[in-house]
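Remarks on the structure that follows.
Each value in this text was obtained by applying a stated rule to the coordinates, not by laboratory testing. This is a predicted model, so every value here is computed, not measured. Don't worry about glycine lacking a Cβ; one is built from the backbone with ideal geometry, like all the others, and counts go over all protein chains shown.
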């Protein structure tokens, strides 16, 4: 588990660290592609997460600064700056993915809960009252759609 430290060198308090849980998607990545998700699917999840942040950012009560570069995570956990045009590409790919999910009648809400909300598949299975493992399969299918649209995995 990693804890981000801000520019002033401050990190999470001991109480916060005690409450932290590992990212369920990262745990799935560590299981590997057969039992969890592939690196391409991990990158897809991070791209979905980033696009969701960009799309919902205007709803926060912070003044927009269009000159500032957008910070984005790369799959190995580092940080890089994404320029405004790259941010638009991330959002466009997200919109294409959402349209494809709709066309395939695959629900997007649970995927957003998993990818953005940090909920585990098991928690979502219980909340949705579905068979154990259903949410995990849904997530893998959704990420597979994204990776194929992005050209990161071959088409069958």
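Details
- In a fully extended conformation the segment linking residue 91 and residue 150 would gain 20.0 nm over its present Cα-Cα distance, using 0.36 nm per residue.
- Computed packing ranks the peptides 104-110, 38-44 as 38-44, 104-110, most packed first, by mean other Cβ atoms within 10 Å.
- Applying 0.36 nm per residue to the separation of residue 56 and residue 14 and subtracting their alpha-carbon distance, the gain on full extension is 12.1 nm.
- Distance between modelled label sites at residue 98 and residue 35, nm, 7 Å Cα→Cβ extension: 3.5 nm
- FRET efficiency estimate (nearest 0.05) - Cβ-Cβ, residue 27 to residue 141, R0 22 angstrom: 0.75
- Look at 25, 114 and count the other Cβ atoms within 10 Å of each Cβ; fewest to most, that gives 25, 114.
- Packing-based exposure ordering (other Cβ within 10 Å, fewest first) of 145, 130: 130, 145
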